[in-house]
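Chemist: Handing you a structure now.
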Amino acid sequence: QVQLAESGGGLVQAGGSLRLSCAVSGRTSTRDTMAWFRQAPGKERELVAVLTWRGDGTFYADSVKGRFSISRDNAKNTVLQMDNLKPEDTAVYYCALDRLADGMLRTGERFYDYWGQGTQVTVSS
């Protein structure tokens, strides 16, 4: 069983930065992809970024492009670096794993097999 655990959320003023981490445990594959989603109050969960296991492919939502960066520290930790944060970035952020995606950068929530519990990011104005 794969388990994901996010950390690094908090309260930050607009224009500030946060670094979220997702620790992965259990059996994983280099064929998996990792993603970050977020869910703002009263809104549906939305994709933020996707990363292939080997780090050779990425996808970003238009709303975060140029401000956020997804990367992998090692086989067990995936990072979302968030810079120039805006109040509209306020949400619970979730990491997720798309099992055996074979390099596909899939954007649909339905494709992701494992999820973390979420970490709160609040950006004040």
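The values are calculated or read from the model by the stated rules, or taken from the named source; none is laboratory data. What you are looking at is a predicted structure, and each value in this text was computed from that prediction instead of being measured. Because the Cβ atoms are built from the backbone with ideal geometry, glycine has one as well, and the counts that use them run over all protein chains shown. Remember, those area values only see protein heavy atoms, side chains included, never the ligands or the DNA or RNA. Shrake-Rupley method; radii C 1.70, N 1.55, O 1.52, S 1.80 Å.
Chemist: In region 71-110, how does Rg compare with the Kirkwood Rh, expressed as the Rg/Rh ratio over alpha carbon atoms?
Modeler: So for region 71-110, dividing Rg by the Kirkwood Rh gives 1.01.
Chemist: Could you look at region 1-48 and say what percent of its accessible area is carbon and sulfur, using a 1.4 Å probe and all protein chains?
Modeler: 44 percent
Chemist: Suppose we look only past 18 Å in the calculated P(r) of region 28-125. What percent of the Cα-Cα pairs does that tail hold?
Modeler: Cα-Cα pairs in region 28-125 separated by more than 18 Å: 41 percent.
Chemist: Further question: Take ASN77 and ARG54, extend 7 Å from each Cα along the Cα→Cβ direction, and tell me the distance between the two endpoints in nm.
Modeler: Using points 7 Å along Cα→Cβ, the separation is 2.4 nm.
Chemist: Follow-up question, since we're still on this one. Going by Cα centres, region 80-105 and region 1-58 are how many Å apart?
Modeler: One Cα centre to the other: 4 Å.
Chemist: I need the P(r) histogram for region 31-78: all alpha carbon pairs, bin width 5 Å from 0 out to the longest distance, whole percents.
Modeler: Once binned at 5 Å, the Cα pair distances of region 31-78 give 5, 21, 28, 22, 15, 7, 2.
Chemist: Read phi for every residue in region 28-45 and hand back ³J(HN,Hα) as whole Hz from Karplus 6.51 cos²θ - 1.76 cosθ + 1.60, θ = phi - 60°, with x for Gly and Pro.
Modeler: Karplus-based 3J(HN,Hα) across region 28-45 equals 10, 9, 5, 8, 7, 10, 10, 9, 10, 10, 8, 9, 7, x, x, 10, 7, 5 Hz.
Chemist: Also, quick follow-up: State the percentage of accessible surface on region 86-125 attributable to carbon and sulfur atoms; use a 1.4 Å probe and exclude ligands, DNA and RNA.
Modeler: Within region 86-125, the accessible surface is 45 percent carbon and sulfur.
Chemist: Something else now. Amide H of ASP113: which non-local residues (sequence gap of 5 or more, or other chain) have their own amide H closer than 5 Å, using H built in the peptide plane?
Modeler: Distant-sequence amide H within range of ASP113: LEU97, ASP98, ARG99.
Chemist: Considering amide H positions built from the backbone, and no H for Pro or chain starts, which residues 5 or more places from ARG72, or on another chain, come under 5 Å of its amide H?
Modeler: Those lying under 5 Å, H to H, from ARG72 are VAL79.
Chemist: Just to check I understand the Karplus step: with θ = phi - 60° and J = 6.51 cos²θ - 1.76 cosθ + 1.60, what whole-Hz values come out for region 94-103, glycine and proline as x?
Modeler: 10, 9, 8, 10, 9, 5, 6, 6, 6, x
Chemist: Go ahead and run the numbers for FRET between ARG67 and GLU109, Cβ-Cβ distance against an R0 of 22 Å, rounding to 0.05.
Modeler: 0.50
Chemist: Jot down the radius of gyration and Dmax of region 1-68, Cα atoms only, both in angstrom.
Modeler: 13.5, 38
Chemist: Could you give each residue of region 116-122 its phi-based ³J(HN,Hα) in whole Hz, using Karplus coefficients 6.51, -1.76, 1.60 with θ = phi - 60°, and x for Gly or Pro?
Modeler: Per-residue couplings from phi come out as x, 7, x, 9, 7, 10, 10 Hz.
Chemist: Net charge around VAL79, counting only other residues with Cβ within less than 11 Å of its Cβ (Lys, Arg = +1; Asp, Glu = -1)?
Modeler: Here the charged neighbours net out to 0.
Chemist: I've got another one for you. Tell me the per residue accessible area of the chain using a 1.4 Å probe; a whole number in Å² is fine.
Modeler: I get 51 Å² per residue for this part.
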